[in-house]
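Undergrad: One structure, pasted below without further comment.
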Amino acid sequence: MKRIFIATSNPGKLRDFAGAAAAHGIEIASIPGFDTLPAVVEDGLTFEANARKKAEAYSRSVPGEIVLADDSGLEVDALGGAPGVHSARYATDAPHLADANTDDEANNARLLRELKNRPPEKRTASFVCVIAVARDGKTLEVFRGQADGVILDAPRGRNGFGYDPLFFFPQIGKTFAELSAGEKARYSHRGAAFRLFLSWYQSSPGNQP
């Protein structure tokens with residue numbers, strides 16, 4: 001079985017990637033000793049900038065191996081694209097200055113406050129994921145996935161993480177937190193970006209570890 005390293009310790013992201021890779025005979029693994037590696041400061045202005053920075057830095061810890069890093073978040077149209085790259089620390093007063101993530105419930109609570117009393121047509125949003133692929137400190141390729149939906153006024157579902165309980169996907173009539181791992185891999189932004197990576201990976205034997 002082929003193995004791909006993911007530069008994250010987030011169990012939700014690992015589950016998402018594993019769900020997308022399962023049907024392709026690829027094993028998803030966290031980088032050995034990831035929690036002991038120096039943290040990469042995600043201070044980029046775009047998802048791509050942060051993904052590249054993480055992939056390049058962490059790939060140096062596993063020489064010769066392909067490493068994936070993603071940056072992803074929620075862009076709400078009525079909020080001018082916020083929380084965007086600050087999705088994981090949106091609950092703080094100044095997300096752009098925060099040096100640590102805030103918990104999911106607090107982030108969701110702020111989002112609901114920001115959208116209070118807005119009608120459904122004013123609650124449109126997109127989940128965006130950018131995956132950077134690197135080896136030995138050099139980015140090889142970048143892939144972007146997106147899923148469009150609506151923010152509910154109350155959470156639904158117990159699966160997923162982050163804003164998943166509030167993100168309603170009209171195509172199937174469920175929130176992302178109501179999906180199985182396989183369903184989420186099929187419909188999510190992360191699954192879309194990962195499928196683009198898989199197509200590149202499987203058609204480029206020279207890029208495989």
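The values are calculated or read from the model by the stated rules, or taken from the named source; none is laboratory data. Since this is a predicted model, take the numbers as computed values, not measurements. Note that we place each Cβ from the backbone using ideal geometry, even for glycine, and neighbour counts take in every protein chain shown.
Undergrad: Working only within the stretch 147-173, note down all residues that are surrounded by fewer than 17 Cβ atoms within 10 Å (Cβ to Cβ) and not β-branched (Val, Ile, Thr).
TA: ASP148, LEU152, ASP153, ALA154, ARG156, GLY157, ARG158, PHE161, PRO170, GLN171, GLY173
Undergrad: Sticking with this structure for a sec: Only one of ALA51, ALA39 is buried (at least 16 other Cβ atoms within 10 Å of the Cβ), out of contact with any Cys (no Cβ under 6 Å at 6 or more places or on another chain) and outside any strand (DSSP E or B). Can you tell me which?
TA: Just a single option satisfies the conditions, and that option is ALA51.
Undergrad: Separate question: Yes or no: the stretch 40-49 includes at least one residue that is touching a helix residue (DSSP H, G or I) at 6+ places or on another chain (Cβ under 7 Å) and at pLDDT below 90.
TA: yes
Undergrad: Right, something else. Could you count how many residues in the stretch 1-39 are touching a helix residue (DSSP H, G or I) at 6+ places or on another chain (Cβ under 8 Å), among the aliphatic types (A, V, I, L, M) and closer than 25 Å to GLY84 by Cα?
TA: 4
Undergrad: Would you tally the residues in the stretch 3-45 being among the β-branched types (Val, Ile, Thr) and in contact with a strand residue (DSSP E or B) (Cβ under 8 Å, 6 or more places away or on another chain)?
TA: 6
Undergrad: Can you pull out the residues in the stretch 175-195 that are crowded, with 18+ Cβ neighbours inside 10 Å, among the charged types (D, E, K, R) and touching a strand residue (DSSP E or B) at 6+ places or on another chain (Cβ under 8 Å)?
TA: Matches in the stretch 175-195: ARG190 only.
Undergrad: Among the numbered criteria (1) closer than 19 Å to LEU166 by Cβ; (2) in contact (Cβ under 8 Å) with a residue 40 or more places away in the chain; (3) under 21 Å from the mean Cα position of the chain (by Cα), which single criterion is violated by ASP70?
TA: (1)
Undergrad: Report yes if some residue within the stretch 109-124 is surrounded by 20 or more Cβ atoms within 10 Å (Cβ to Cβ) and either among the small types (Gly, Ala, Ser) or modelled with pLDDT under 95 (or both); otherwise report no.
TA: no
Undergrad: Next question, about the same structure. Quick check on the stretch 126-141. Is at least one of its residues surrounded by 15 or more Cβ atoms within 10 Å (Cβ to Cβ), touching a Leu at 6+ places or on another chain (Cβ under 8 Å) and more than 15 Å from PHE194 (Cβ to Cβ)?
TA: Yes, because at least one residue in the stretch 126-141 is surrounded by 15 or more Cβ atoms within 10 Å (Cβ to Cβ), touching a Leu at 6+ places or on another chain (Cβ under 8 Å) and more than 15 Å from PHE194 (Cβ to Cβ).
Undergrad: Something else now. Which residue, of LYS116, LYS138, is farther than 21 Å from GLY12 by Cβ, among the basic types (Lys, Arg) and free of Cβ contacts under 8 Å to residues at least 40 places away in the same chain?
TA: Criteria check complete, one pass: LYS116.
Undergrad: State all residues of the stretch 100-120 that are part of a helix (DSSP H, G or I) and acidic (Asp, Glu); if no residue qualifies, say none.
TA: Hits for the stretch 100-120 are ASP104, GLU105, GLU114.
Undergrad: Taking into account only those residues within the stretch 1-36 that are in contact with a Gly (Cβ under 8 Å, 6 or more places away or on another chain) and surrounded by 12 or more Cβ atoms within 10 Å (Cβ to Cβ), which is modelled with the lowest pLDDT?
TA: ALA22
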